[in-house]
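> Pasting a structure here, questions to come.
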Amino acid sequence: MHADLVKLRDLQAKDVVLAEVDQRLAVVAQDLVVLDQTLQRARASLEAARRAASEGQRRRDELETKIESYRILQQRRSERLEHVRNPKEASTLMTELDLARSVMAKEENEWVRSADAVTLLESRVKDEERNVEALEGAQASERARIAERRVTIEAERAAVARDREASAAGIDKALRHRYERLRRTRSGDVVVPLMGGACGGCHTSVTLNRRSQIRSGLVLEACEACGAILYPAEPDGSA
């Protein structure tokens, strides 16, 4: 077999290992994404509860201010009524007092409902806070395990990458660039065996003359259909 083919196959084998390590890193990253999304949903629910409680408190306080203003007006009307001697004016004030009492009673009932709603909303906020706190605690150990796995896999990847680059450095520059270009554009192997007179990648037939050249190990030939670099299969037909 051509010496460069041996080097290319060795490089390809290391690329396979590197891809497997990258896949494990991707799984670790996805595990972290799942935890982050779960926590983000819990925090979003907490923020929504806080906004609702804040809005409820604002509404309750507005009603309280309005009711207090009604009380002040009622007090003033009552004081005026004590000094009124004109029956018609007194009747008008009494009508205003009765109407204001009705309005104030309605507002007070609304305030009670608003205050009850605020109590429920504040209780929900506390529940959501406890949920976030519990979730953060539950995730802490899992996040630590994920971080440990990532550190271990990243160290493994660094070692594999160094070994891979050392192998790549021993290959002719032009051939290495050709290999790298093919690797970026192909989903499968770049270096494939000649199997039964056909490309082991796309199964396109290879001419007899080119088969002989590949099997002789004197030249590097590529599949005319898919561009894969071909090497002779072992005598038993395996790669």
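The values are calculated or read from the model by the stated rules, or taken from the named source; none is laboratory data. For clarity, every value in this text was computed on a predicted model and none was experimentally measured. Using ideal geometry, Cβ is built from the backbone for each residue, glycine included, and neighbour counts are taken over all protein chains shown.
> Counting just the residues of the range 90-110 that are touching a residue at least 12 places away in the same chain (Cβ under 8 Å) and of a type outside the set (A, V, I, L, M, F, W, C), which one comes out farthest from residue 72 (Cα to Cα)?
Only one residue tops the list, namely 110.
> Here's another thing I want to ask about it. When residue 103 is evaluated against the numbered criteria (1) among the hydrophobic types (A, V, I, L, M, F, W, C); (2) at pLDDT 95 or above; (3) closer than 30 Å to residue 54 by Cα, which criterion, by number, is the only one it fails?
Checking residue 103 against (1) among the hydrophobic types (A, V, I, L, M, F, W, C); (2) at pLDDT 95 or above; (3) closer than 30 Å to residue 54 by Cα, the one that fails is (2).
> Go through (1) in the same structural domain as residue 139 (by TED's automatic domain parsing); (2) part of a helix (DSSP H, G or I); (3) out of contact with any Leu (no Cβ under 9 Å at 6 or more places or on another chain) one by one and return the number of the condition residue 85 breaks.
Of (1) in the same structural domain as residue 139 (by TED's automatic domain parsing); (2) part of a helix (DSSP H, G or I); (3) out of contact with any Leu (no Cβ under 9 Å at 6 or more places or on another chain), only one is false for residue 85: (2).
> Shifting gears a bit: I'm trying to understand the selection: among the residues of the range 201-219, which are within 20 Å of residue 3 (Cβ to Cβ) and in a loop (DSSP other than H, G, I, E, B)?
Result: 217, 218, 219.
> Those residues that are at positive phi and either in contact with a helix residue (DSSP H, G or I) (Cβ under 7 Å, 6 or more places away or on another chain) or outside any loop (DSSP other than H, G, I, E, B) (or both), I need them from the range 178-198; list them, please.
Hit for the range 178-198 is 197, nothing else.
> Further question: I'd like to check something: does the range 69-86 contain any residue that is surrounded by fewer than 12 Cβ atoms within 10 Å (Cβ to Cβ), at negative phi and under 49 Å from the mean Cα position of the chain (by Cα)?
no
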